[in-house]
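The structure under discussion appears below in the form of structure tokens.
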Amino acid sequence: MLPRIGKEVVSLKLLEMTKDKPECVLLIDDDPGNNMISKMFLKKILPDADVLAFTDPQAGVAYILDNYTKEPVPTILLLDINMPVLNGWEVLEILSEHADMIKQYITIHILSSSIDSFDKQKANSQPLVTSFIEKPLKVETLRNILLGQ
């Protein structure tokens, strides 16, 4: 068995060889502290990926619609549910109008502090959502999502 550090190096090398590795990770979460921690974890796991955080969900949606209709890249979106102005469900509703493009290029994971089973069920029923992740985000959870470990 490889030592822990060796396994991480091997996994990162496998990720580098993967055609569909994410080139970008988008965070849409109104909590700047959570975004800062998530960005730090993401850059450790995917040092070459662009990591963009939006505390304003409308700005995040606008970015996706402006950029992914022109030059889409493989992307992971970590989306919070409970946000003012535009919540995560409303973001998903807008993105569902572009479902073909979203499904082709963006993998969406709900990242929420909600422990409500209804939110988890609703996330699981959303065709654009891959998984529901409870906050606080952990490095191990990110590795599982990003590296398939």
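The values are calculated or read from the model by the stated rules, or taken from the named source; none is laboratory data. On a predicted model such as this, the values are computed, not experimentally measured, just so you know. Backbone-built Cβ (ideal geometry, glycine too); neighbour counts: all protein chains shown.
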Near pairs, Cβ below 7 angstrom, 6+ apart or cross-chain, from the range 120-145 (among the basic types (Lys, Arg)) to any residue that is surrounded by fewer than 16 Cβ atoms within 10 Å (Cβ to Cβ) | Lys135/Ser113; Arg143/Gln149
For the range 50-61, indicate whether the set of residues that are surrounded by fewer than 21 Cβ atoms within 10 Å (Cβ to Cβ) and in contact with a Lys or Arg (Cβ under 8 Å, 6 or more places away or on another chain) is non-empty.
-> yes
Kindly indicate whether any position in the range 99-115 is part of a loop (DSSP other than H, G, I, E, B) and either within 16 Å of Asn34 (Cα to Cα) or of a type in the set (Ser, Thr, Tyr) (or both).
-> yes
Count - residues of the range 75-98 that are more than 13 Å from Ala123 (Cβ to Cβ), assigned to a helix (DSSP H, G or I) and either in contact (Cβ under 8 Å) with a residue 40 or more places away in the chain or among the polar types (S, T, N, Q) (or both) | 1
Report yes if some residue within the range 65-78 is within 17 Å of Pro32 (Cα to Cα) and buried (at least 16 other Cβ atoms within 10 Å of the Cβ); otherwise report no.
-> yes
Would you check which residues across the range 28-48 are more than 19 Å from Glu134 (Cβ to Cβ) and either free of Cβ contacts under 8 Å to residues at least 40 places away in the same chain or not in a loop (DSSP other than H, G, I, E, B) (or both) and list them?
-> Pro32, Lys43, Lys44, Pro47, Asp48
Which of the residues spanning the range 23-40 are touching a helix residue (DSSP H, G or I) at 6+ places or on another chain (Cβ under 7 Å) and either of a type in the set (Val, Ile, Thr) or closer than 11 Å to Ile76 by Cβ (or both)?
-> Val25, Leu26, Leu27, Ile28
Considering the range 19-29 alone, what residues qualify as being more than 19 Å from Leu65 (Cα to Cα) and either loosely packed, with under 12 Cβ neighbours inside 10 Å or at pLDDT 95 or above (or both)?
-> Lys19, Asp20
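Residues are listed down the side, and each one gets a yes or a no for (1) within 23 Å of Glu140 (Cβ to Cβ); (2) of a type in the set (A, V, I, L, M, F, W, C):
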| position | (1), (2) |
| --- | --- |
| Cys24 | yes, yes |
| Leu42 | yes, yes |
| Asp100 | no, no |
| Asp116 | no, no |
| Leu128 | no, yes |
Restricting attention to the range 99-119, and to residues there that are touching a residue at least 24 places away in the same chain (Cβ under 8 Å) and among the polar types (S, T, N, Q), which single residue is surrounded by the most Cβ atoms within 10 Å (Cβ to Cβ)?
-> Ser112
Does the range 83-104 include one or more residues that are among the polar types (S, T, N, Q) and closer than 19 Å to Val25 by Cβ?
-> yes
Has the range 128-148 got any residue that is of a type in the set (Lys, Arg), surrounded by 16 or more Cβ atoms within 10 Å (Cβ to Cβ), in a helix (DSSP H, G or I) and within 15 Å of the chain's Cα centre (by Cα)?
-> yes
